[in-house]
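Before any comments, here is the structure.
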C-alpha cells in the first residue's frame with residue numbers, strides 16, 4: 001500500500017472508485033482502521 005501511495009498510482013483511480021472503497025470501509029466494524037492505514041502510508045496527503 002505504501003509503494004502504491006508513493007508511486008502516484010492512486011492518482012489514476014477515479015473518484016467513484018475511491019468513494020466506493022471508502023463506503024465499504026465505513027460499513028465495517030472498525031472503519032477507523034481504513035483511515036489510520038491511509039494516514040500511515042501517506043495516502044491522505046495526495
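Only the coordinates and a few stated rules stand behind these numbers; no lab work does. Everything numeric in this text was worked out from a predicted model, so none of it was measured. Glycine gets a Cβ as well: all are built from the backbone with ideal geometry, and neighbour counts include every protein chain shown.
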From the C-alpha gyration tensor of segment 2-45, square roots of 5λ in Å: 18, 14, 6
Label-point gap, in nm, between residue 16 and residue 3 - each point 7 angstrom along Cα→Cβ: 2.9 nm
Segment residue 41-residue 26, length gained on full extension (0.36 nm per residue, minus Cα span): 3.5 nm
